[in-house]
Amino acid sequence: MVRIGSRTGALALEAVVVEGGLIAPEQIVKIAAAEMGPKGAADYACPKGTTLRDEIARYYSIGHALWSEFDRIESPTVTQTAAFARDLLIQCFGFTDLTGPHEHHEGSRRFRIAWEAKGGRVPVVVAAPVPGADAFAKSQPEFGDGEGGRARRSPTVLLQDWLNAKPEFYWGLVFAGDRVRLMRDNASLTRPAWIEADLAAMFRDEMFADFTTWWLLTHATRFGAEGAAASDCALEQWREEGLKQGTAARERLREGVEEALRQLGQGLVEANPDIRRRIVENELSLTALFEELLRTVYRLIFLAVAEDRDLLHPRNVSQRVRALYAGNYSFTFWRERSRRRVARDHHHDAWEGMKIALAALEHGEAALGLPHSVGCSRVALRRL
């Protein structure tokens, strides 16, 4: 599940959001499916004789109590937020060695870190919630570099700067009230990457599956041991495994695109004698035909991915309109119909329906709940 704030749709999680390529959503699915018996408990340093499921349930109850106390504070200060973060990390997530606050200096740069675990291996930045604004992104003086640097910066930029500046560790956490993000060393500041948990939603709405996933992902044991190499931790291993899976998926995609081009090209010339004649008589360039086929294939890939990640429709689109699109014009509808078809036919209504969907993405179509603002450029989706 990845958009800007993409929810992990494969798990149907509402309170865990993935941005960028920190850890692949498919990898998070595997993490959430961890073995819940004694073996899994030992991997997470739980007491002998316990199961992972029972331990997570216990920590959920503790976390709920801690959050309830924090939620009763009308306008939490950064000190109160830091206390909430500390108690939650210690009592629920296994960070028994938190120290802080810390102020580090690298040349003229200053880094204020609220808490550190494992001898500094896990930095934790804390910001108070900001009414009416995104506290993660709001630049504030207390997070600035100080003399010789930026006077103001956001808590996420502070943590990212610190992670990028220290090769000894890769991963850290940033709290903004009762929301928390997992971040990693990331040289590309133009492409932010993080995984966010809405703790308030987890505890208020009893989203135990969301809490379980977040707990498995960010327990202290996942960050490796103090003094170990930066790459020696479960988080980094998960990330590397996800990258390998991504490489394999891209290779499968390449093979699929090649096959689609062959099938589309063959079907095009078989169904259109005039096009075949123009090719034979050099009236139509094979290069031009290939470019049109490739453009079509990538349009369809875009549509398939956008549908799978539920990115096409704004939230205010009714279920009736969504159902109209899904049941008559969507790529998913035609894909499933092609799977069920037992014999070839010569009807072209599938392509006619697809043309309607592509045109709606280009120009907008209220009847299908597809505004032009879906973000598709005219160049990428201009009509054939």
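Laboratory data are not the source of any read-out in this text; all were calculated from the coordinates shown. As the structure is a computational prediction, the values presented were derived from the model and not from experiment. Using ideal geometry, Cβ is built from the backbone for each residue, glycine included, and neighbour counts are taken over all protein chains shown.
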Using the alpha-carbon atoms, what tilt in degrees (0 to 90, nearest 10) does helix 52-71 show relative to the longest principal axis of the chain? 70
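How would you order 60-68, 193-201 from highest to lowest mean count of nearby Cβ atoms within 10 Å? Please list the in-between numbers first.
Working: 60-68: 16.7, 193-201: 20.6.
Per-residue mean Cβ counts within 10 Å order the peptides as 193-201, 60-68.
How long are the semi-axes of the equivalent ellipsoid of segment 175-216, defined as square roots of 5 times the Cα gyration tensor eigenvalues? Whole Å, largest first.
24, 11, 7
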Radius of gyration and Dmax for segment 6-232's Cα atoms, expressed in Å? 17.0, 55
Given H placed 1.01 Å from N in the peptide plane, which residues other than close sequence neighbours of V126 have an amide H under 5 Å from its amide H? A114, F175
Lysines within cross-link reach of K48: Cα-Cα under 17 Å, excluding same-chain residues under 8 positions apart? K39
Footprinting proxy, M202, M36, M354: sorted fewest to most Cβ within 10 Å, the residues are M36, M354, M202
Whole-Å distance, taken between Cα centres, linking segment 168-242 and segment 101-117: 20
Using the per-residue mean of other Cβ atoms lying within 10 Å as a proxy for protection, in what order, highest first, do the peptides 116-125, 130-139 fall? 116-125, 130-139
What are the residues whose amide H is under 5 Å from the amide H of R153, where those residues sit 5 or more places off or on another chain and H is modelled from the backbone? Q140, F143, G144
Setting aside same-chain residues fewer than 8 positions from K166, which lysines have a Cα under 26 Å from its Cα? K118, K138, K244
Global size of segment 57-187 as Cα Rg and Dmax, reported in angstrom: 14.5, 48
Against the longest alpha carbon principal axis of the chain, how many degrees, from 0 to 90 and to the nearest 10, is the axis of helix 208-218 turned? 70
Looking only at R254, R53, R184, which one moves most when the chain is put into a Gaussian network model with springs between Cα atoms under 10 Å? R254
Stokes-Einstein D for the chain, Kirkwood Rh over Cα pairs, 4 °C, 1.567 mPa s (µm²/s): 54
Compute the angle between helix 286-308 and the longest alpha-carbon principal axis of the chain, please, reported from 0 to 90 degrees and rounded to the nearest 10. 40
